[in-house]
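A.B. asks: Following this message is one structure expressed as structure tokens.
The values are calculated or read from the model by the stated rules, or taken from the named source; none is laboratory data. No experiment lies behind these values; they were computed from the predicted model shown. Heads up, the Cβs are rebuilt from the backbone with ideal geometry, glycines too, and the neighbour counts pull from every protein chain shown. Note: accessible area is taken over every heavy atom of the protein model, side chains too, but ligands, DNA and RNA are not part of it. Shrake-Rupley method; radii C 1.70, N 1.55, O 1.52, S 1.80 Å.
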Amino acid sequence: MRAFTFILLCFLSGPIAFAQQLAIGDWSIHLNYTHINTMLNANEKIYVGTKHGLFSYDTEDGSLTTFSKMDGLSSINITALGYNSEAELLIVGYHDGQVDILQNNQVINIPDIEMADIVAAKSIQHIFINNDLAYLSCPFGLVVLN
């Protein structure tokens, strides 16, 4: 009888003790951010591009912010990052040729390289920003983004 009462109490109290804090229909993301491809230090933040997404570490307050496809990024496997301090925007380049611009918590996608009729690989390898132009190095050559 004691064993039956113990099992009954475990079943009744278990769902209450281990209930999730998310509402029905909400999602929680738990991505692996350990496969780091690129890093960038800009404006008191360290931006880190990984295989599964992007995160930033604020050096002033120690906060961590993550970004992924569920947050509006257009692809995965970030290979290059560039930051324009005058416009306060982050340019994100991906292995598949996608380019995202993050500014004021908005993501603007530029799919032109991925959609181009090029036989070579389209990955963005490096991003260099000078004035209002971003220079993206790719295996097939250089792309200038205005």
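A.B. asks: What residues qualify as long-range amide H neighbours of Thr38, i.e. H under 5 Å apart, gap of 5 or more or another chain, H built at 1.01 Å from N?
C.D. replies: Amide H neighbours of Thr38, under 5 Å, 5+ apart: Gly49.
A.B. asks: If I model a spin label as a point 7 Å beyond the Cα along the Cα-Cβ vector, how far apart are those points for Asp26 and Asn105 in nm?
C.D. replies: Label at Asp26, label at Asn105, 1.6 nm between them.
A.B. asks: Which shape class, rounded, prolate or oblate, goes with the range 20-117 when its Cα gyration tensor gives a ≥ b ≥ c as root eigenvalues, a/c under 1.5 marks rounded, and past that a/b bigger than b/c marks prolate?
C.D. replies: Here the range 20-117 falls in the oblate category.
A.B. asks: Could you calculate the contour length gain from Thr59 to Ile118, that is, 0.36 nm times the residue separation minus the distance between their Cα atoms, to one decimal place in nm?
C.D. replies: Stretched out fully, the Thr59 to Ile118 stretch lengthens by 17.2 nm.
A.B. asks: Determine the share of the range 49-146's accessible area contributed by carbon and sulfur atoms, expressed in whole percent, with a 1.4 angstrom probe.
C.D. replies: Its accessible area is 49 percent carbon and sulfur atoms.
A.B. asks: Within the set of other residues whose C-beta is less than 10 Å from the C-beta of Glu44, count the net charge using Lys and Arg as +1 and Asp and Glu as -1.
C.D. replies: With Lys, Arg at +1 and Asp, Glu at -1, the net is -2.
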